[in-house]
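The values are calculated or read from the model by the stated rules, or taken from the named source; none is laboratory data. Being a predicted model, the structure only gives us computed values, none of them experimental. Please note: Cβ atoms are built from the backbone with ideal geometry, for glycine as well, and neighbour counts cover all protein chains shown. Surface accessibility is based on the protein's heavy atoms, side chains included, excluding ligands, DNA and RNA. Shrake-Rupley method; radii C 1.70, N 1.55, O 1.52, S 1.80 Å.
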Amino acid sequence: QVQLVESGGGLVQAGGSLRLSCTASTGTFSRYAMGWFRQAPGKEREFLATISWSGRSTAYEDSVKGRFTISRDNAKNTVYLQMNSLNVEDTAVYYCAAKYTMSVSTTSYEYDYWGQGTQVTVSS
């Protein structure tokens with residue numbers, strides 16, 4: 001069992017930045033591809049970004065491409081999501097997820113473990 005704990009959410013003004021972190025409780029973090037998703041009120045959970053075990057392969061949802069950057073530090077068992085140029089439409093609960101495979105995935109049902117989520121609120 002892998003526990004994922006997100007942090008770094010909060011309230012930010014439009015145009016601002018936040019960096020989310022997700023730390024995993026596993027000694028085999030480097031065997032997991034990681035992903036970030038979000039869910040706004042009344043909407044389905046949506047894919048944002050994914051990164052392979054090595055960090056060499058990434059993929060992004062079109063609406064965040066160029067604004068969000070996913071990265072990982074396997075020595076710290078942590079994956080990050082740097083979010084720039086935030087707008088009110090980015091307001092949501094943000095989740096990290098782990099997938100026990102080396103390859104990336106944009107599909108939520110392929111992920112094995114999920115964090116509890118962290119709230120990001122962007123004010124106008």
- Query: Carbon and sulfur together cover what percent of the accessible area of the chain at a 1.4 Å probe radius?
  - Reply: 46 percent
- Just in the stretch 1-90: which trypsin sites (Lys or Arg not before Pro) are loop by DSSP and have at most 12 other Cβ atoms within 10 Å? K43, R56
- Taking every other residue with Cβ under 12 Å from the Cβ of V12 and scoring Lys and Arg +1, Asp and Glu -1, one gets 0
- Note on the structure: Rounded to the nearest Å, the spacing of the alpha-carbon centers of the stretch 1-55 and the stretch 59-124 is 4 Å
- If r is the Cβ-Cβ distance from V5 to S63 and R0 is 22 Å, what FRET efficiency results, to the nearest 0.05? 0.25
- Message: Just the number please: accessible area per residue for the chain, 1.4 Å probe, all protein chains included, in Å².
- Response: 50 Å²
